[in-house]
Structures are given as C-alpha cells and as structure tokens.
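First up is the structure itself, then whatever we jot down about it.
The values are calculated or read from the model by the stated rules, or taken from the named source; none is laboratory data. All of these numbers come straight from a predicted model, not from anything done at the bench. Here the Cβ is made from the backbone with ideal geometry for all residues, glycine too, and neighbour counts use every protein chain on show.
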Amino acid sequence: MTEVHSTAIVDPRAELASDVVVGPYAIVGPNVTLAEGVKLHSHTVIDGKTSIGARTEIYPFASIGQPPQDLKFRGEDSELIVGSDNTIREHVTMNSGTEGGGLITRVGNKCAFLTGSHVGHDTVVGDNVVLSNNVMLAGHIVVEDFVIVSGGAGIHQFTRIGKHAFIGGMSGVENDVIPYGMVVGNRARLAGLNIIGMKRRGFERDQIQALRSAYRMLFAEEGTLRERLADVAKLYDGQADVMDIVTFMQSDANRSICLPRNTASD
C-alpha cells in the first residue's frame, strides 16, 4: 500500500507504485513516475518528466528532475530517467536534458550519489557508480560502469569517464579518462591504473598484469601516442580489458585523453 505523509504534496497525475513511501513535506510533480519500493524521505522534491526506478531511496532536500541549468533551455519536453536500487543522499541535484543533448539525462542502477553531488543535463551515468560528496558533473558527460569519483571533484562538460576509473578528490577533470585509469590533480593528470578498484571487483591477476603492461606501452616515451596505440591494439587483440582502453581512445570524442604528466600527445 502506498504510504504518503499527510504533509506531502503529491500531484494526482503522478504515477506511484503500490508500495511507494513519500515522507513529510516531500513534493511530487504531475509528470513523475515512482516504481515499486521507491522511498522519498522528508523535504525531497521530484518534478519534471521524471521516472525513478524500483527501490531507489532519496534523502532530504534532494532536488530531482528540475529544468536543466542551461541558458538556452526554452521549456522543451525533456526527461530524467533514474534506474533501480540507487541511493540519492541529501542535497543531490539531477536535471533533465536539453534539445542539444537528446532531451534525456539518464542514470543507471545501483549507484550512490552522496551529499551535494550534481548530475547535469544530458549526462549519462552507468551502473554501480559512486559520486562522493559535492562531486559536480557538468552537462553532456558520460560516466561508465563502476566509476568512483572522490569528494569535491569537478568534471568538465562533454568529458567521458571510462569504466572502472577512479577520480581523486578535488580533481578538476577536463579530458577523457581511460577505462581502469586513475587521475588526480588540478588539472587532473593520469596517475596509473585503478588497481585497488579492480582487485575489489574480482579481476584476476593475469587481467591486471595485462592492463599494467599495456598501460606502460601506451604511455612510454618512444614514438607517438598514435603509434603506441596501434602497437597495443595489435599485441593485445583478443584481450578484452585492454581492448576496452584501445576502443575508448580510438572513439570520436569532444575532449582529449587525460595523459600522465610529461607525456606528449599527437
């Protein structure tokens, strides 16, 4: 049975599953869909054309589905889609999309958005992502699965963060981060591979060793980055983890690749 506190304001046009819980002083707009098991704590605001997936829990003062922070936005029919089993803590903000980005902001499953973190318009967040306190994702960002972003980090618009990457606290990231990479600093530079994260997720020793060897080849001093990338692609063809990095680096992108300090790029 749906449980709505007497002080909450839920528009009658909103769609709520039978076991949704809406806490005191929460506000749910007319175009909101809340799936089974969703729990809204007190003072949350869910508005816009927004869908929240099953068992997602949203804490006080989060503002979800408000219009994008884009001065070009003119009220287009945009959307925010949030997946299942997410934890959205206090003061988190997530905005809907814009015409320039496909009109959809999308969040995956089993993510944790800690206090004060922000997901900007037209951003795509994968599964099992962690945004620590006060992390800022600007618009048009892609964050792949199992990424961890430490507290206070800011990610530039149109940046891609590859899967299993780790972003150090207070980093300013303005270039793409390769899968399994670890970056830190202002402005952020690649600082190796996210070995700890891979071990925690059960990567085998030979997988990690292959990634380490490929990393050393990619960012060695000899030759150009383009030549080294071709060498790695040839040598590690069939090694899926390494090819994740190769494919990521070869893809068309709006931003350059984040490199180790003192590494030249062509």
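Does the stretch 258-266 contain any residue that is outside any loop (DSSP other than H, G, I, E, B) and at pLDDT below 95? Checked the stretch 258-266: at least one residue is outside any loop (DSSP other than H, G, I, E, B) and at pLDDT below 95. So which residues in the stretch 107-146 are of a type in the set (D, E, K, R) and touching a Ser or Thr at 6+ places or on another chain (Cβ under 8 Å)? Listed by number, the residues that qualify are Lys110, Asp122. Only residues that are buried (at least 19 other Cβ atoms within 10 Å of the Cβ) and either on the phi > 0 side of the Ramachandran plot or of a type in the set (Phe, Trp, Tyr) (or both) were counted in the stretch 56-78, giving 2.
In the set Asp145, Asp122, only one residue is in a loop (DSSP other than H, G, I, E, B) and either on the phi < 0 side of the Ramachandran plot or not assigned by TED's automatic domain parsing to the domain that holds Val38 (or both); that residue is Asp145.
Within the stretch 228-245, residues that are assigned by TED's automatic domain parsing to the domain that holds Leu211 reach partners that are among the hydroxyl-bearing types (Ser, Thr, Tyr) and outside any helix (DSSP H, G or I) with beta carbons closer than 6 Å, at six or more positions or on different chains, in the pairs Val242/Tyr236. Test Ile27 against the criterion of being crowded, with 20+ Cβ neighbours inside 10 Å, within 22 Å of Arg89 (Cβ to Cβ) and at pLDDT 95 or above, and give yes or no. No; evaluated as a whole, the condition is false for this residue. Here Asp127 meets each of (1) surrounded by 23 or more Cβ atoms within 10 Å (Cβ to Cβ); (2) over 24 Å from Asn31 (Cβ atoms) with one exception, condition (1). When the stretch 192-218 is examined, which residues are found to be buried (at least 16 other Cβ atoms within 10 Å of the Cβ) and more than 20 Å from the chain's Cα centre (by Cα)? Phe203, Gln207, Ile208, Ala210, Leu211, Ala214, Tyr215, Met217, Leu218 - these are the residues of the stretch 192-218 that are buried (at least 16 other Cβ atoms within 10 Å of the Cβ) and more than 20 Å from the chain's Cα centre (by Cα).
Residues are listed down the side, and each one gets a yes or a no for (1) within 25 Å of Gly139 (Cβ to Cβ); (2) in contact with a His (Cβ under 8 Å, 6 or more places away or on another chain):
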site: Glu3; (1), (2): no, no
site: Lys39; (1), (2): no, no
site: Ile58; (1), (2): yes, yes
site: Leu71; (1), (2): yes, no
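When the stretch 48-81 is filtered for residues that are assigned to a loop (DSSP other than H, G, I, E, B), farther than 14 Å from Val22 by Cα and of a type outside the set (A, V, I, L, M, F, W, C), the ones remaining, listed by number, are Gly48, Gly53, Pro67, Pro68, Gln69, Asp70, Lys72, Arg74, Gly75, Glu76, Asp77, Ser78.
Quick one: is Ile27 under 21 Å from Leu103 (Cβ atoms), of a type in the set (Val, Ile, Thr) and in the same structural domain as Ser84 (by TED's automatic domain parsing)?
In short, no.
Note on the stretch 14-58: among residues that are closer than 21 Å to Lys110 by Cα and among the acidic types (Asp, Glu), the one that is nearest to the chain's Cα centre (by Cα) is Glu57. Candidates in the stretch 15-30 are the residues that are assigned to a loop (DSSP other than H, G, I, E, B) and in contact with an Asp or Glu (Cβ under 8 Å, 6 or more places away or on another chain); of these, the one that is farthest from Asn86 (Cα to Cα) is Pro30.
Could you please let me know if Glu15 is in contact with a strand residue (DSSP E or B) (Cβ under 6 Å, 6 or more places away or on another chain), charged (D, E, K, R) and within 20 Å of Leu103 (Cα to Cα)? When the stated conditions are applied, Glu15 does not pass them.
Number of residues in the stretch 214-236 that are more than 19 Å from Phe166 (Cα to Cα) and either assigned to a helix (DSSP H, G or I) or modelled with pLDDT of 95 or more (or both) equals 13. Restricting attention to the stretch 173-191 and to residues that are among the hydrophobic types (A, V, I, L, M, F, W, C) and in contact with a Pro (Cβ under 8 Å, 6 or more places away or on another chain), the residue that is surrounded by the most Cβ atoms within 10 Å (Cβ to Cβ) turns out to be Leu190.
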